[in-house]
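The values are calculated or read from the model by the stated rules, or taken from the named source; none is laboratory data. This one's a predicted model, so the numbers in the text were calculated from it and none came from an experiment. Please note: Cβ atoms are built from the backbone with ideal geometry, for glycine as well, and neighbour counts cover all protein chains shown.
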Amino acid sequence: MKDKKKILVGLAVFIAAITFPFWYNMGKAAPAPEVELTAKAKAAKVCVMPTAYMQANHMQLLDVWRHKVTRNGERMFVNADGKMFNMSLSNTCLDCHSNYEQFCARCHNYASVSPYCWDCHIDNPKGE
Amino acid sequence: MNNSRRRFLQIAGVSALGLGAKPVLDAFAAGGGEGPGFHVARGEDALDAKQWAMVIDTRQLQSSADLEPIVEACHKVHNVPTTIVNKNHEIKWIWEAHYHNAFTDKTNPFLNESVEHRPFLLLCNHCENPPCVRACPTKATFKRERDGIVLMDFHRCIGCRFCMAACPFGARSFNFRDPRPFIQETNKQFPTRAKGVVEKCNFCAERLAVGKMPACVEASNGAIAFGDLYDEHSEVRELLKENYTIRRKQTLGTEPAVYYIV
Amino acid sequence: MLELAVKGNKWYWGWMVVLLGVIGAGFGLYLMQLKFGLGITGMSRDVSWGFYIANFTYLVGVAAGGVMVVLPFYLHDYKAYGKITILGEFLAIAAIVMCLLFILVDLGVPTRALNVLLYPTLNSVLFYDAIVLNGYLFLNLVIGWNVLEAERNGVHYQSWLKPLIYISIPWAVSIHTVTAYLYCGLPGRHFWLTAVLAPRFLASAFAAGPALLILLCLFIRRFTNFDPGRQQIQTLAKTVAYAICINVFFFLCEIFVAFYSQIPGHMDHIKYLFVGLHGHGVLVPWMWASMILMTVGIVLTVTPATRKNETSLAIACIVIIMGTWIDKGLGMISGGFVPNPMHEVNEYIPTLPEIGITLGVYAMGALVLTVLYKMAVGVKEEVHG
């Protein structure tokens, strides 16, 4: 073990490098963003599912939607209260949540995710 | 010493692999199923068929001017980029062709002149036995059992273009670049596509789901009929009974669902 | 054993730096392609596969060609090949790495590549291709590495390797068969729609793979202290001679069927390639060059005097590699897409960025091959030197 020193130094450098992001960002946690609702969304009071569910699971729900619509041709969504919605990201979700910057982007940026929904789906379809 | 260190590294490596795979396995276990308290259904107005089919009465479509509004209606409603200059990157869902390009296996040297000079509408044939579906490695293109439409799931397409090689009708286009700058007038109710995926005619699945006929059918002034191939009282079956029709390359056994009255 | 690959003279490191440079340039161009889309290539709506898939197809052949040393050694106990089986296996590894990279750079949405495993589709040949290629890579890595290590340690390789070795032989045939099936099962593409496509692919593979191996052996003998052996090279040369003859024979079978039956759909593609169609014919000089090169290759490898002379043999190998590359790389893919299903002629010419990315992938393969061969030769020098 005549290389003991070299190994230890190497290990120390490695650990320092790999934990660097944690040290660098310590104490600098950004506050969770507040999302803004459009007037339309406020008036509706509740989304297709309860707010807590939507916050946690909207991506899974959208995944179910896209699967059912594109692959099964089933387009009607009926929630627990029996209310019906057209399963369409553009025409239902983004019609109400037509403020991409203040609603979608804020949270996605905070969580550092970049879903590519908007590469194809057009937000604010009615152009208000 | 040497041996046990190697052993340790081997075990560590395998464990790291196992830990890495766990979230994937969890995701599989959690997949599918309907969420808390909701269910999904067909829309009330949705139109149904065992196999949607189209009959194009080419006698009523004598010139390019007759076809133009039909092609435009489709491309407009589906956000098809029509202003791409580079012909290599062209995208088309429905387009005009000469008889001898449309029916390569039925080109007599001496043809009925009115047929020979008539323009023909080409689009995806929504084959009953589609080779593109057979080729797709991810089921991104699939034949919908509910109504026989050959559809694309743009979320899943990896852009391998195997389906383009498999299609004997040239019905498929690939997004060689971002199509958005080349869409003349965006229909905001319908998505665009992103670069890197294949696209083609969808028999207006989104319109059938809300009780509307396909856009080209609506724009054709009755020259194009649309209906269920396996309902003997449907409009298409009535037309097929009364008229002699041809299909493109039917010797290949793909069973196209688009028929032409010449 | 990897430590053998980090010791080398200045030529070795210079070569590695050159390769890394080419890889870097190719990667930069690939980033451009990722940003813009596949529109930076020469591919089109009509010719929807181009240079990437063509080179992929060619390299699957090179990978399968490695079996031409593995099979005689393990199945026929042809002892002379014991010295060089590792070279065949390591060549296969480098070739498969390039194949997988070519598939990846050809995808429109490479980030979704794993969808192939996430939604396994049993009716798609591409699914099987992914399995056999990765399987072959795995087999050769495990077999090559362990057999080489055993040789270094002066022991017999582990007995559990034996079944893997036997499996690897038909597996080599399968990779090129499945790759041919990608093309020959498509209705409406008459150029590919032929049962002889898979055998033809294999014939050209068993010519090109061993030809490259001969060149590598000659290089190794010249620049290292390990001699792969004259007998070994001569036996490989006979394999090349048979395979290139069979390849040309299969091609002539295609010509007969198309032009005696006179079915236009079958003739048009061949006409496009060799005489041009409707005034288009960028590939015509290439295809004739390919025919001439393969014919010269046949003459040089079949004639005993030129086969036994290692200089003329090296020339034969070079012309065979070039001839089969044009035949399978340039002609096979473009030829199948032109004319298109509407009998229109839209030609394909690769663009510079496309060629740059292709060279990047080749450099990557060369890098893998260099490292693996450095190890193999290092062990051979230790053992035999």
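Against the test of being out of contact with any helix residue (DSSP H, G or I) (no Cβ under 9 Å at 6 or more places or on another chain) and either on the phi < 0 side of the Ramachandran plot or within 7 Å of chain C (Cβ to nearest Cβ) (or both), the options B:Pro181, B:Pro137 yield a single qualifying residue, B:Pro181. The helices (runs of 4 or more DSSP H) located wholly in the stretch A:13-106 include none with 3 or more residues which are farther than 22 Å from B:Lys188 by Cβ, charged (D, E, K, R) and more than 8 Å from chain B (Cβ to nearest Cβ).
Of all the listed residues (C:Tyr157, C:Tyr166), the sole one being surrounded by fewer than 19 Cβ atoms within 10 Å (Cβ to Cβ), in a helix (DSSP H, G or I), aromatic (Phe, Trp, Tyr) and away from every other protein chain (no Cβ under 13 Å) is C:Tyr166. For the stretch A:107-128, enumerate the residues that are among the β-branched types (Val, Ile, Thr) and within 11 Å of another protein chain (Cβ to nearest Cβ). A:Ile122, the sole residue that qualifies.
Flag: C:Tyr30 matches the condition of being of a type in the set (Phe, Trp, Tyr), more than 11 Å from chain B (Cβ to nearest Cβ), more than 29 Å from C:Ala241 (Cα to Cα) and out of contact with any strand residue (DSSP E or B) (no Cβ under 7 Å at 6 or more places or on another chain). Number of residues in the stretch B:142-157 that are within 14 Å of chain C (Cβ to nearest Cβ) and acidic (Asp, Glu) equals 1. Among the residues of the stretch C:178-187, those that are touching a residue at least 24 places away in the same chain (Cβ under 8 Å) and surrounded by fewer than 20 Cβ atoms within 10 Å (Cβ to Cβ) comprise C:Tyr181, C:Gly185. When the stretch B:78-129 is filtered for residues that are within 9 Å of another protein chain (Cβ to nearest Cβ), in contact with a helix residue (DSSP H, G or I) (Cβ under 7 Å, 6 or more places away or on another chain) and closer than 27 Å to B:Gly227 by Cβ, the ones remaining, listed by number, are B:Asp105, B:Leu122. Scanning the stretch A:88-106 for residues that are among the charged types (D, E, K, R), surrounded by fewer than 20 Cβ atoms within 10 Å (Cβ to Cβ) and in contact (Cβ under 8 Å) with a residue 12 or more places away in the chain returns a single hit, A:Arg106. Summed over the stretch B:12-42, residues that are within 14 Å of chain A (Cβ to nearest Cβ) and either at pLDDT below 85 or loosely packed, with under 12 Cβ neighbours inside 10 Å (or both) total 12.
Put simply, of C:Leu359, C:Leu293 the only residue that is farther than 17 Å from C:Ala241 by Cβ and not β-branched (Val, Ile, Thr) is C:Leu359. Elements of the type helices (runs of 4 or more DSSP H) sitting completely within the stretch B:76-157 and holding at least 1 residues that are small (Gly, Ala, Ser) and surrounded by fewer than 17 Cβ atoms within 10 Å (Cβ to Cβ): these cover B:113-116. Restricted to the stretch C:305-385, the set of helices (runs of 4 or more DSSP H) holding at least 3 residues that are at negative phi and in contact with a Phe, Trp or Tyr (Cβ under 6 Å, 6 or more places away or on another chain) comprises C:332-337, C:352-384. Give the residues of the stretch B:203-218 that are in a loop (DSSP other than H, G, I, E, B) and surrounded by fewer than 20 Cβ atoms within 10 Å (Cβ to Cβ), sorted by residue number. Answer for the stretch B:203-218, where residues must be in a loop (DSSP other than H, G, I, E, B) and surrounded by fewer than 20 Cβ atoms within 10 Å (Cβ to Cβ): B:Val210, B:Gly211, B:Lys212, B:Met213.
Scanning the stretch B:158-178 for residues that are more than 7 Å from every other protein chain (Cβ to nearest Cβ) and not in a loop (DSSP other than H, G, I, E, B) yields one hit, B:Cys163. Tallying residues that are basic (Lys, Arg) and within 14 Å of chain B (Cβ to nearest Cβ) within the stretch C:172-214 yields 1.
B:Gln189 meets all of the listed conditions (1) more than 7 Å from every other protein chain (Cβ to nearest Cβ); (2) free of Cβ contacts under 8 Å to residues at least 24 places away in the same chain but one, namely (1). For the stretch C:288-346, filtered to residues that are in contact (Cβ under 8 Å) with a residue 12 or more places away in the chain, more than 14 Å from chain B (Cβ to nearest Cβ) and among the hydroxyl-bearing types (Ser, Thr, Tyr), the residue that is farthest from C:Trp49 (Cα to Cα) is C:Ser312.
If you go through the stretch C:33-63 and keep only what is within 11 Å of chain B (Cβ to nearest Cβ) and either touching a Gly at 6+ places or on another chain (Cβ under 8 Å) or of a type in the set (Val, Ile, Thr) (or both), you end up with C:Gly37, C:Leu38, C:Ile40, C:Thr41, C:Gly42, C:Met43, C:Arg45, C:Asp46, C:Val47, C:Gly50, C:Ile53.
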